[in-house]
Structures are given as structure tokens and as C-alpha cells.
Amino acid sequence: MRDLSKCVNNPAVSSEGFVSLSTATHRASTIVFPSAQAYAERKKRGPDGFTYGLHGTPTTRALEARLTALEAGVRTALVPSGQAAIAVVLLTVLRPGDTVLIPDNAYPPVRGFAVNYLESRGIGYRLYDPAQGADIASLIDDSVKLVWVESPGSTTMEIQDIPAIVAVAHARGALVGCDNTWATPLLFKPLTHGVDFSIEAITKYIGGHSDVFMGSIAVSTVEMHRRLKDTMRMLGMGVSPDDCFLVLRGMETLGVRLQHQGRVALEMAQSLVGHAAAERVLHPALPSCPGHALWKRDFLGASGVFTVQLRSGFEAGLSDALTAMKMFSIGASWGGTHSLIAPMEISGDRQLSTWNASTILLRISIGLEDPEDLREDVQTLFARLEATRSID
Ligand SMILES: *Cc1c(COP(=O)(O)O)cnc(C)c1O
């Protein structure tokens, strides 16, 4: 073999005795085949086999397997973001003439996808009140093929009666997809409640370190996984093994992170109940939060994101007070190790009359800093809001 060939050739290297607790990062565009016949028959390997790097390497499969086990599912598909997970489910299930039901409090890009992409392709959507349980049956006509749920709902944190919705949806031939990002499969397992698609924005708690985008879709049948993978293949969609490695590593501490963050978040939420500047504190583990009884019935614990609705008149000094915070950064993509706060003006996102408050909501994501530092920072914020209150 000449030098130029040696430059691209891998001599045999023994890995005997090398056993690591870490998952190897297997990168590949091309997968090579042992024979021309194996190449000709590569489609027979199916969605679980290795045929092309975009559709999975052993690193991708390692993460899929971990998530499948946690979700109590049969297969999991990985996609480049949480929003991609939502889009792939909708594109897999819905055909022209079909309708998807979306809760009014869903992550706003869900409705964005329905309005800006699906509608012009002949796929309709209808919004529903997230407080609806079995009575959602009246909205499920023959055109409804998918009911989307998100519990708790984005920012306003309502818990949905998912088992009741699943029962009536299935009775009428519709599938159910659930955005489980707040709970993660540690605190709620949608598939065990009959949901057909459990999607996670891995970007948030599961990745957990604010440095990777990914989404997952867990399902209960091999056939549904094949349908998802068909959609992804047509869209040329896959994830990087390097990103999977980051998620595999970040996920090892998910349990201790979430337990700590949930406890600190709930303590902070409780301490803000009754504060002059707080109209309402919205965390499903608080008895005053809508859906608390359902949370107690169905969920396995509290997560670390909650919302404070400011009382009218207390927004006057908000911008300066947020900018002055020492521990909390201002940002949207919650669930990491750094605490975040985001002022949300959501009235434009809501179409139904069930949420009509126009004051600012503060969405708070608890990180891993010392809880005492976080408490002081939040106390200072609320003291500033009181001091700058505008008299109306
Ligand atoms: C952030 C988020 C998403 C989207 O995740 P990306 O990875 O940022 O696309 C979806 N659903 C919920 C509830 C989210 O909070």
C-alpha cells in the first residue's frame, strides 16, 4: 500500500480490554457493506438496521434505547429539535381534509405550524380549551385524526385530563400526541396513559445544559415508528451522533437535577403566593393551580419551571428589575443548569376566552445554583417591583 492510500486506510487496532462506561460517538455519512449483494438488499434492514448515517448510528441507537426504556415505549425517533418532533408527528398522521385539535395553551409554534404550513395544504386545525376532558368528544368529528395535548400547558401551566381525552379520541378513531417536555418521562409517562406519540424537547431538561437542540418521539408500536422514520427520510432529517453523545451524558444526571430543581421551584413558588406583586402563582404542585388534582393523580413529581402572573400596576419597573438580577439570566429555553427568567406577554397567543388576563407573566426556570442565592435574587426582584409600583 502506497502513502496516499495509507492516509485514508485504517489499520487493524485491537480494542481488547477496552470497556468504557461512556457511549462511543460513532460518526458516519456512508455505511459500507460487506458485499455487493448486501448493498443491493440494504432496504431489507428496515428502520432498525444501519443503511445510511443520517438514519442512525450506534450512538443514535443508544440514546433511542435509553429514551424508549424511560418512556415505557417500543421505539423512539430522534429529530433535530422539539419543534421538529411536533412537526414530524403532524406530518405523519395528517392528510388533506384531516383536522388536528390543539389546546389553546400549547407551545405557540404548534399553532404556528398549523396556520402557516398545514392550512395551505388542506389540513385544518381547531383550538380547544385545555380544561376540556371527556367533553372534548363533541369536537371530534370524522375529520379529526389527531388530538394534541400539552400538560402542563406552556406558561399558564394547566394540567389536562389526558386519560379521559385518550379514551374519547381513540373511541372516535383519532390518535393522541403529547408534548411532555415539562415533566420529562421521569415525572409523567404519556404512553402508559394510552397516548400514541410522546414527544420531548430534549433541548430542555433531558439535554439539560443549554448547549444542544434535539427532540424525541416515543411510540408503542414498531409500525408507528416505521411511519415516523418514513416521514423523516422524505424530509432528509436526522441528528448528529455528537449531539447524541451530549444528551447521553447530560441525561445521566436528569434524575438528581429534576428532583432538586422541582423542590427548589416549588418552595419558591409557595413563598411568592400572596405577595403583593403576584396576582397568581402557577405551578401544578400548588393546590391553587388549575388541574392540581389531575397532577396529583397522574404525575410522579414536580418539575422546576413555573409562572408568576404579575398584578396590574407592578410592571412599571419590571425591565430594569429583571436586568439587575444577579443569578437569573433572561432567556427562553428553560430546563438547564442556569436559572432563567422570561417576561411573557401571552394574550396574543390565546384565541379562546379561557385565558383573558393581559398582565405580564414571569416564567421562571430553576437551575442548580445555591437555592439561597436564587431566593435572594427573586426577593430583590419582587421588592423592586413593589417599590416602583405605579398608582392607577
Ligand atoms: C422549547 C419547547 C419546545 C421546542 O423545543 P425546541 O428544541 O426549542 O424546538 C416544544 N415544546 C415545549 C413545551 C417547549 O418548551
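None of the figures in this text is laboratory data; all of them are computed from the coordinates on show. Remember, predicted model here, so these are calculated numbers, not experimental data. Glycine also receives a Cβ, built like all others from the backbone with ideal geometry; neighbour counts cover every protein chain displayed.
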inquiry  = Straight-line reach only, C-alpha to C-alpha below 18 angstrom: list the lysines that Lys229 could link to, leaving out same-chain residues fewer than 8 apart.
reply    = Lys43, Lys44
key: Amide H within-cut-off set for Glu150, under 5 Å, with H built and near neighbours excluded   = Asp179
Proximal aspartates and glutamates relative to Lys145, as straight alpha-carbon distance under 20 Å, when same-chain residues fewer than 8 apart are discounted = Asp98, Asp104, Glu119, Asp129, Asp135, Asp161, Asp179, Asp196, Glu223, Asp230
request  = List the residues whose amide H sits under 5 Å from the amide H of Arg126, counting only those 5 or more places along or on another chain, with H placed 1.01 Å from N in the peptide plane.
outcome  = Val100, Leu101, Ile102
request  = Rank the residues Met157, Met224 as a footprinting-exposure proxy: fewest other Cβ atoms within 10 Å of their Cβ go first.
outcome  = Met224, Met157
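Once you charge only the Cβ atoms, +1 for Lys and Arg and -1 for Asp and Glu, what is the size of the charge dipole of the chain about its Cα centre, to the nearest 20 debye? Mind showing how you got there, number by number?
Numbers: 35 positive and 40 negative charges, 283 e Å.
For this selection, approximately 1360 debye.
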ask   = Given that compact globular proteins tend to follow 2.2 N^0.38 Å, what is the ratio of the alpha-carbon Rg of the stretch 254-387 to that value?
value = 1.02
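What list do you get for Glu200, Glu64, Glu158 if you sort them by fewest beta carbons within 10 Å?
Fewest-to-most Cβ neighbours within 10 Å comes out as Glu64, Glu158, Glu200.
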message = To make sure I understand, if each residue's beta carbon is the centre and we count other beta carbons within 10 Å, what order do Ile86, Ile202 fall in, fewest to most?
response = Ile86, Ile202
inquiry  = Taking 2.2 N^0.38 Å as the expected size of a compact globular protein, what ratio does the Cα radius of gyration of the chain give against it, to two decimals?
reply    = 1.09
